[in-house]
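Below you'll find the structure, written out as C-alpha coordinates, and then a few comments.
The values are calculated or read from the model by the stated rules, or taken from the named source; none is laboratory data. What you are looking at is a predicted structure, and each value in this text was computed from that prediction instead of being measured. Ideal geometry is used to build each Cβ from the backbone, glycine not excepted, and the neighbour counts take in all protein chains shown. In case anyone asks, the SASA skips ligands and DNA or RNA and just uses the protein heavy atoms, side chains included. Shrake-Rupley method; radii C 1.70, N 1.55, O 1.52, S 1.80 Å.
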Amino acid sequence: MSEYVKADAGWVAIESDPEFGAKVQRVRFFEVDDEGVRPVVKNRDGWMVEPGHRTTDVIRASGLDAIRIAALRELIRLAGRATTQKQMDGIAEAQALIMRGTGG
(Lines give C-alpha, C1' and ligand atoms only; values in the text may rest on other atoms or scores of the structure.)
Protein backbone atom coordinates (compact mmCIF):
# COMPACT_ATOMS: atom_id res chain seq x y z
CA MET A 1 0.00 0.00 0.00
CA SER A 2 1.30 3.45 -0.90
CA GLU A 3 1.74 6.38 1.41
CA TYR A 4 1.83 9.92 0.04
CA VAL A 5 4.08 12.53 1.65
CA LYS A 6 3.78 16.21 0.74
CA ALA A 7 7.00 17.44 -0.87
CA ASP A 8 8.81 20.34 0.76
CA ALA A 9 9.19 23.52 -1.25
CA GLY A 10 11.87 23.42 -3.92
CA TRP A 11 11.55 19.82 -5.16
CA VAL A 12 11.37 19.66 -8.97
CA ALA A 13 11.48 17.06 -11.72
CA ILE A 14 13.55 17.97 -14.79
CA GLU A 15 12.53 16.32 -18.04
CA SER A 16 14.49 16.33 -21.30
CA ASP A 17 12.35 15.92 -24.40
CA PRO A 18 14.15 15.76 -27.77
CA GLU A 19 11.23 17.42 -29.52
CA PHE A 20 10.23 20.12 -27.00
CA GLY A 21 13.41 20.65 -24.97
CA ALA A 22 13.78 20.78 -21.22
CA LYS A 23 10.85 21.06 -18.82
CA VAL A 24 10.82 21.73 -15.08
CA GLN A 25 7.82 20.57 -13.01
CA ARG A 26 7.19 21.13 -9.31
CA VAL A 27 7.05 17.90 -7.30
CA ARG A 28 3.86 18.00 -5.20
CA PHE A 29 4.13 14.68 -3.34
CA PHE A 30 6.32 11.64 -2.96
CA GLU A 31 4.72 8.21 -3.22
CA VAL A 32 6.34 5.75 -0.80
CA ASP A 33 5.72 2.00 -1.02
CA ASP A 34 7.54 -1.34 -0.92
CA GLU A 35 9.19 -0.59 -4.28
CA GLY A 36 10.72 2.73 -3.21
CA VAL A 37 10.02 6.44 -3.46
CA ARG A 38 8.61 8.15 -6.55
CA PRO A 39 7.88 11.83 -7.16
CA VAL A 40 4.35 12.93 -8.06
CA VAL A 41 3.60 16.01 -10.21
CA LYS A 42 0.42 17.61 -11.56
CA ASN A 43 -0.16 17.02 -15.29
CA ARG A 44 -1.96 19.35 -17.74
CA ASP A 45 -5.32 17.84 -16.85
CA GLY A 46 -4.79 18.44 -13.14
CA TRP A 47 -4.17 14.77 -12.31
CA MET A 48 -1.39 13.82 -9.91
CA VAL A 49 0.96 11.48 -11.80
CA GLU A 50 4.57 10.34 -11.88
CA PRO A 51 6.76 12.54 -14.11
CA GLY A 52 7.32 11.37 -17.69
CA HIS A 53 9.77 8.66 -18.69
CA ARG A 54 12.20 11.30 -19.96
CA THR A 55 12.77 12.66 -16.45
CA THR A 56 16.50 13.03 -15.90
CA ASP A 57 16.64 14.55 -12.42
CA VAL A 58 14.52 14.97 -9.30
CA ILE A 59 16.24 17.56 -7.14
CA ARG A 60 15.66 20.19 -4.51
CA ALA A 61 16.75 23.58 -5.84
CA SER A 62 15.70 27.19 -6.12
CA GLY A 63 13.60 28.03 -9.17
CA LEU A 64 16.50 29.75 -10.92
CA ASP A 65 18.91 26.90 -10.21
CA ALA A 66 16.41 24.33 -11.51
CA ILE A 67 15.99 26.31 -14.73
CA ARG A 68 19.78 26.60 -15.06
CA ILE A 69 20.20 22.84 -14.66
CA ALA A 70 17.47 22.18 -17.24
CA ALA A 71 19.10 24.63 -19.68
CA LEU A 72 22.53 23.06 -19.19
CA ARG A 73 21.06 19.59 -19.81
CA GLU A 74 19.61 20.94 -23.05
CA LEU A 75 23.03 22.32 -24.05
CA ILE A 76 24.59 18.90 -23.40
CA ARG A 77 22.02 17.39 -25.75
CA LEU A 78 22.79 20.02 -28.40
CA ALA A 79 26.54 19.52 -28.01
CA GLY A 80 26.03 15.85 -28.83
CA ARG A 81 24.51 16.86 -32.17
CA ALA A 82 26.90 19.74 -33.00
CA THR A 83 29.00 19.15 -36.10
CA THR A 84 30.95 22.41 -36.52
CA GLN A 85 33.29 24.46 -34.38
CA LYS A 86 30.95 27.43 -34.77
CA GLN A 87 28.12 25.41 -33.20
CA MET A 88 30.36 24.32 -30.33
CA ASP A 89 31.48 27.92 -29.78
CA GLY A 90 27.84 29.02 -29.62
CA ILE A 91 27.07 26.31 -27.08
CA ALA A 92 30.07 27.39 -24.97
CA GLU A 93 28.87 31.02 -25.06
CA ALA A 94 25.36 29.99 -24.01
CA GLN A 95 26.80 27.87 -21.19
CA ALA A 96 28.84 30.83 -19.92
CA LEU A 97 25.78 33.08 -20.02
CA ILE A 98 23.66 30.55 -18.12
CA MET A 99 26.31 30.14 -15.43
CA ARG A 100 26.93 33.88 -15.13
CA GLY A 101 23.25 34.76 -15.00
CA THR A 102 21.91 38.27 -15.33
CA GLY A 103 24.29 39.73 -12.76
CA GLY A 104 27.42 39.47 -14.76
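General remarks:
- Pair list, Cβ under 9 Å, 6 or more apart: the stretch 61-87 residue more than 29 Å from Gly10 (Cβ to Cβ), other residue open to solvent by less than 70 Å² (accessible area, probe 1.4 Å): Ala82/Gly90; Ala82/Ile91; Gln87/Leu78; Gln87/Ala79
- One residue alone among Phe20, Phe30 is among the aromatic types (Phe, Trp, Tyr), more than 11 Å from the chain's Cα centre (by Cα) and open to solvent by less than 80 Å² (accessible area, probe 1.4 Å), and that residue is Phe30.
- Qualifying residue in the stretch 44-57 (condition: part of a helix (DSSP H, G or I), open to solvent by 50 Å² or more (accessible area, probe 1.4 Å) and in contact (Cβ under 8 Å) with a residue 40 or more places away in the chain): no
- Scanning the stretch 15-32 for residues that are modelled with pLDDT under 95 and either in contact with a Ser or Thr (Cβ under 7 Å, 6 or more places away or on another chain) or of a type in the set (Asp, Glu) (or both) gives Glu15, Ser16, Asp17, Glu19, Ala22.
- From the options Val41, Val37, residue that is open to solvent by less than 70 Å² (accessible area, probe 1.4 Å) and either farther than 29 Å from Asp8 by Cβ or not in a helix (DSSP H, G or I) (or both): Val41
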